[in-house]
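Peer 1: This structure is in structure tokens; I'll ask about it shortly.
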Amino acid sequence: MANLKINFNGIESPNPFWLASGPPTNCGEQIMRAFDAGWGGAVWKTLGDPIVNVSSRLAAIDYAGKRMSGLNNIELITDRPLLTNLKEIAAVKKKYPDHAVVVSIMVESREEWKEIIRRTEDTGADGIELNFGCPHGMCERGMGSSVGQEPALLREITSWTSEFSSLPVLVKLTPNITDILDPGVAAVQGGAQGLSLINTIKSIIGVDLDRFVPLPTVRDKSTNGGYCGPAVKPIALHMVAALARDPRVTVPISGIGGIENWRDAAEFLTLGATSVQVCTAVMHYGYRIVEDMIEGLSNYLDEAGLPSVTRLIGKAVPNFMDWGSLDLSFKTVSKIDTDKCIGCQLCYIACLDGAHQCIHTRTGDCRAYHGKSDHGAGLRDHIAEPLHHPENDPLLRQVPYVDEDECVGCNLCQLVCPVPGCIEMVER
Amino acid sequence: MNKQNTLPASRLENRFADGKPLYSDTEARIEANRCLFCYDAPCIKACPAAVNIPVFIHKIVSGNIRGAALTVFETNLLGVSTARVCPVEVSCAGACVLNEQNGQPVNIGRLQRYATEKGLAEAEAKQIPLFTPAKALNQSVALIGAGPASLSCAATLALGGVKPVIYEKRALPGGLNVSGIAPYKLDSVSAMDEIERLLALGIHLKTGYDVGVAPTVGDLQKDHEAIFLGVGLGRDKFPGIEGESLEGVWGATDLIRKIKNEESFTLPDSMKVLVIGGGNTAIDIARELAMLGAETVDILYRRTEKEMPGYHHELRKAKQYGVRLRENLLPKAIRKNENTGLLLEVENKLTKQKDILKANWIVMAIGQENQARRLLPALDTDKNGNVKLDPDTGETSIPGVYAGGDCVNGGKEVVNAVADGRKAAFSILKKLSASH
């Protein structure tokens, strides 16, 4: 079994799976259960001046019958007394000395930072994460993402904390900026020893169409929230990769955003993350999902012949290029496997209406191979004939075919095809 | 018309549970999300009424239930009953591409029931009717028989602005929808609900009119712009053997009608039943009697299971209720026996061996007579007496006389009758608007 241990700039962890700061890390009892379930580390729910939260706080997007493909929250930092949290952090660290306990913090003044870092260090925690990401509520008071959006301010506060702290300081970045490199590099310049990203994306997740109030609704009003969950993963992957390939970023990255299983985690690791943090998936399914993450990642590493997870970190970064560096001479065409095709013709309609009119059918309105064009433009004077002409086989008659001369190799047909392996993109 | 006055409260069919109940919202959402939303979908092509199935299911997913119902009704005004009656296993769901994927087709019948029943309930609750009949023209069409073909035709005419007048021999409208569908699929009260909704579109129903006797088709032709024959099939056929008129020998559709519609009709205890036939009516009545507690129910078929015209999925379910199939048996004679009721002499078609089977009831399910030519001797029919039509217009060999349903196809599904009626209605509307 591959070695899953990581060392995140001095923070040691039995595996790269950490809980992100949020409801799953609200108290010590939770985190102890999470460690028992197999999580390697946890970032404690943000400490600061305790606040009062609203009700309700969450709303989600469901997709195709599946719940919570995206989640939006308007919850703020911890609403528990600081002392209670500090006591519990110490207790957790005492009971689980080998696990990574990082404490998220968000306060305002230099003095406040100094004080809270000192008290946090006394708990025996392994690291500190500066919450410069929260895009709702706290940012209206000059904290959270309002810091993360101002590189100069971010650099300054980071430098204070690096000065006060003997522990590694991670800076949690907000994605609500134009270029993630600006705050990322500023954090490194300020002395950050790690970057965590992404925090949530500023969002309105939906509208109650009967009451005309955005969601989630607090009595009869709402506010923007922070968006997370499986839907944000691509945004997070890009930002992690953008930092990982920049030579100015010399510190490890903790990847966050839509991670639900080992495969998601492996993708973040290949794009440069050293650890990953999970919140929404645990809010959805509980701590137990870590079992599959550990097992799946370990199996994957074994099959890939990688003895340690650290060998996976950044493996895909060199292949993440600017568009201008891509090979324009490389061409693929779509091939439909007649035996696997179930005849739904989603590739046909997707290509016809949403791509380049290169897939044709033997039935229905399309009579292309009999000489009558089925494309809207009707400009093409020749359309390749299908390989078969099975007039009498009702199933084969449903199978579309590709005009390979015209196919631009865009992939859309393969993406909409519900049958794995039915449509392959083949190099021309 | 008030169904309370026409359907007795105490009917044997009340003992059957709804075999495929209305989906809950959650069930419908999960099932609807399984649909791939195919383009040029095979399910539509397999539907005799060409219901745009992927579109109505897509509308269920988005929560547009009113739209989903309207999509069904657009080509199938009997969408509520056909959702429950259609043999989807061999039509739409049988053609579903997911059969090729994992063998689990989308449950289209139950989704259609959800779309139509919920859509209608929603429209009623919000008091925004799904249909607005067109302003009536001064033209009318006479429809003979009040079964699914005529109802589909009449409702389409009413929405198109032509006044339909249905002449029905029986006291109850609905044809087989009310009197013939297996009660675990569709009970007569639900069937009547749909019919009442259709009648409310502006259909004039005259029950107790035995067209041919009074009035004659000729009389109707004088008063109406066109005639639609939706007379279905007639009496159950009997094999013509000794003893077939003895008490305890039933025609299958006659017996089903008693189970479904008749006041206080009961099945005596400890009944041994023999059903003669191999079609879906034979399978239906056999299963109904088995479910009602008959001691034994045997289907006697003259050939083998493989050659049965009845659906295999229906036979399989009937067998689960204890129905047995006995192959290669021909009925030869029925005699009365003081102790056991009836004795049926049968002959094995292959071995020619004779046997005597005891029974309390013997049910003949070998088809029904075609009665169309009895009404109109000049009609062009095929050798089985089925009315011949112009396939594009639904018009018979007599100009101005249209037909559809079982009297044309010899006995198919409700949905075939619905499609026929709709096609004829559009031909009639087209003709009338051209001559107007």
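Peer 1: Can you pull out every residue in the range B:270-293 that is in contact with a helix residue (DSSP H, G or I) (Cβ under 9 Å, 6 or more places away or on another chain) and of a type in the set (A, V, I, L, M)?
Peer 2: The answer is B:MET271, B:VAL273, B:VAL275, B:ILE276, B:ALA282, B:ILE283, B:ILE285, B:ALA286, B:LEU289, B:ALA290, B:MET291, B:LEU292.
Peer 1: Right, here's the next one. Given the criterion surrounded by fewer than 24 Cβ atoms within 10 Å (Cβ to Cβ) and more than 14 Å from chain A (Cβ to nearest Cβ), identify the matching residue among B:VAL85, B:VAL61, B:VAL80, B:VAL55.
Peer 2: Going through B:VAL85, B:VAL61, B:VAL80, B:VAL55 in turn, just one is surrounded by fewer than 24 Cβ atoms within 10 Å (Cβ to Cβ) and more than 14 Å from chain A (Cβ to nearest Cβ): B:VAL85.
Peer 1: In the set B:GLY230, B:GLY234, which member is modelled with pLDDT under 95 and closer than 21 Å to B:ASN409 by Cα?
Peer 2: Being modelled with pLDDT under 95 and closer than 21 Å to B:ASN409 by Cα holds for just one of B:GLY230, B:GLY234, which is B:GLY234.
Peer 1: For the range B:160-196: of the residues being in contact with a strand residue (DSSP E or B) (Cβ under 8 Å, 6 or more places away or on another chain) and of a type in the set (D, E, K, R), which is surrounded by the fewest Cβ atoms within 10 Å (Cβ to Cβ)?
Peer 2: Applying the filter and picking the extreme gives B:LYS169.
Peer 1: Of the residues A:LEU243, A:LEU195, A:LEU269, A:LEU237, which single one is farther than 21 Å from A:LEU297 by Cβ, assigned to a helix (DSSP H, G or I) and either without any contact (Cβ under 8 Å) to a residue 12 or more places away in the chain or touching a helix residue (DSSP H, G or I) at 6+ places or on another chain (Cβ under 9 Å) (or both)?
Peer 2: A:LEU243
Peer 1: Does any residue of the range A:303-315 turn out to be β-branched (Val, Ile, Thr), more than 24 Å from A:VAL101 (Cβ to Cβ) and either assigned to a helix (DSSP H, G or I) or in contact with a strand residue (DSSP E or B) (Cβ under 9 Å, 6 or more places away or on another chain) (or both)?
Peer 2: No, there is no match, as no residue in the range A:303-315 is β-branched (Val, Ile, Thr), more than 24 Å from A:VAL101 (Cβ to Cβ) and either assigned to a helix (DSSP H, G or I) or in contact with a strand residue (DSSP E or B) (Cβ under 9 Å, 6 or more places away or on another chain) (or both).
Peer 1: Pick out the one residue from A:ASN15, A:ASN53 that is within 21 Å of the chain's Cα centre (by Cα) and assigned to a loop (DSSP other than H, G, I, E, B).
Peer 2: A:ASN15
Peer 1: Select from the range B:253-284 the residues that are within 14 Å of B:ILE362 (Cα to Cα) and of a type in the set (Lys, Arg) and list them in ascending order.
Peer 2: B:LYS272
Peer 1: In addition: Test A:LEU415 against the stated conditions and say whether it is modelled with pLDDT under 85 and either within 14 Å of another protein chain (Cβ to nearest Cβ) or within 42 Å of the chain's Cα centre (by Cα) (or both).
Peer 2: Here the answer is no, as A:LEU415 does not meet what is asked.
Peer 1: Within the range A:294-345, restricting attention to residues that are more than 14 Å from every other protein chain (Cβ to nearest Cβ) and among the basic types (Lys, Arg), which residue is nearest to the chain's Cα centre (by Cα)?
Peer 2: The residue in question is A:LYS315.
Peer 1: Turning to a different aspect of this structure: Do we have B:GLU288 as acidic (Asp, Glu), under 21 Å from B:LYS354 (Cα atoms) and touching a Phe, Trp or Tyr at 6+ places or on another chain (Cβ under 8 Å) here?
Peer 2: Spelling it out, it is not the case that B:GLU288 is acidic (Asp, Glu), under 21 Å from B:LYS354 (Cα atoms) and touching a Phe, Trp or Tyr at 6+ places or on another chain (Cβ under 8 Å).
Peer 1: Could you name every one of the strands (runs of 3 or more DSSP E) located completely within the range B:250-369 that has at least 2 residues being surrounded by fewer than 20 Cβ atoms within 10 Å (Cβ to Cβ), at pLDDT below 95 and not small (Gly, Ala, Ser)?
Peer 2: Per the criteria, B:329-337.
Peer 1: Out of A:ASP246, A:ASP264, A:ASP302, I need the residue that is touching a Lys or Arg at 6+ places or on another chain (Cβ under 7 Å) and either modelled with pLDDT under 95 or acidic (Asp, Glu) (or both). Which one?
Peer 2: That would be A:ASP264, the only listed residue that is touching a Lys or Arg at 6+ places or on another chain (Cβ under 7 Å) and either modelled with pLDDT under 95 or acidic (Asp, Glu) (or both).
Peer 1: Do we find a residue being within 11 Å of chain A (Cβ to nearest Cβ), part of a helix (DSSP H, G or I) and at negative phi anywhere in the range B:45-52?
Peer 2: The answer is yes, given that some residue of the range B:45-52 is within 11 Å of chain A (Cβ to nearest Cβ), part of a helix (DSSP H, G or I) and at negative phi.
Peer 1: What residue, among those in the range B:1-44 that are more than 14 Å from chain A (Cβ to nearest Cβ) and among the charged types (D, E, K, R), is nearest to B:PRO105 (Cα to Cα)?
Peer 2: B:LYS20
Peer 1: With closer than 22 Å to B:ALA425 by Cβ, of a type outside the set (S, T, N, Q) and assigned to a loop (DSSP other than H, G, I, E, B) as the only criterion, which of B:GLY232, B:GLY212, B:GLY240 stands out?
Peer 2: Matching residue, one of B:GLY232, B:GLY212, B:GLY240: B:GLY232.
Peer 1: Would you confirm whether or not the range A:134-151 contains a residue that is within 18 Å of A:SER254 (Cα to Cα) and modelled with pLDDT of 95 or more?
Peer 2: no
Peer 1: Hey, could you check the range A:346-364 for residues that are at the interface with another protein chain (Cβ under 9 Å from one of its Cβ atoms) and touching a His at 6+ places or on another chain (Cβ under 8 Å) and say which is surrounded by the most Cβ atoms within 10 Å (Cβ to Cβ)?
Peer 2: Here the residue is A:TYR348.
Peer 1: So, B:ILE108, is that one of a type in the set (Val, Ile, Thr), crowded, with 16+ Cβ neighbours inside 10 Å, touching a Lys or Arg at 6+ places or on another chain (Cβ under 6 Å) and away from every other protein chain (no Cβ under 13 Å) or not?
Peer 2: For B:ILE108, the condition - of a type in the set (Val, Ile, Thr), crowded, with 16+ Cβ neighbours inside 10 Å, touching a Lys or Arg at 6+ places or on another chain (Cβ under 6 Å) and away from every other protein chain (no Cβ under 13 Å) - is not met.
Peer 1: Checking the conditions here, which among B:CYS153, B:CYS96 is touching a helix residue (DSSP H, G or I) at 6+ places or on another chain (Cβ under 6 Å) and within 14 Å of chain A (Cβ to nearest Cβ)?
Peer 2: From the options B:CYS153, B:CYS96, the qualifying one is B:CYS96.
Peer 1: Follow-up question, since we're still on this one. Being of a type in the set (S, T, N, Q) and either free of Cβ contacts under 8 Å to residues at least 60 places away in the same chain or touching an Asp or Glu at 6+ places or on another chain (Cβ under 8 Å) (or both) is the filter; apply it to the range B:105-129 and report the residue that is farthest from B:ALA417 (Cα to Cα).
Peer 2: It comes out as B:GLN127.
Peer 1: Name every residue in the range B:312-362 that is at positive phi and polar (S, T, N, Q), in order of residue number.
Peer 2: Passing the criteria: only B:ASN328.
Peer 1: When you go through (1) exposed (fewer than 15 other Cβ atoms within 10 Å of the Cβ); (2) in contact (Cβ under 8 Å) with a residue 60 or more places away in the chain; (3) in a helix (DSSP H, G or I) one by one for A:LEU83, which number turns out not to apply?
Peer 2: (2)
The values are calculated or read from the model by the stated rules, or taken from the named source; none is laboratory data. Note that the coordinates shown come from a computational prediction; the quantities given were computed from them, not determined experimentally. Heads up, the Cβs are rebuilt from the backbone with ideal geometry, glycines too, and the neighbour counts pull from every protein chain shown.
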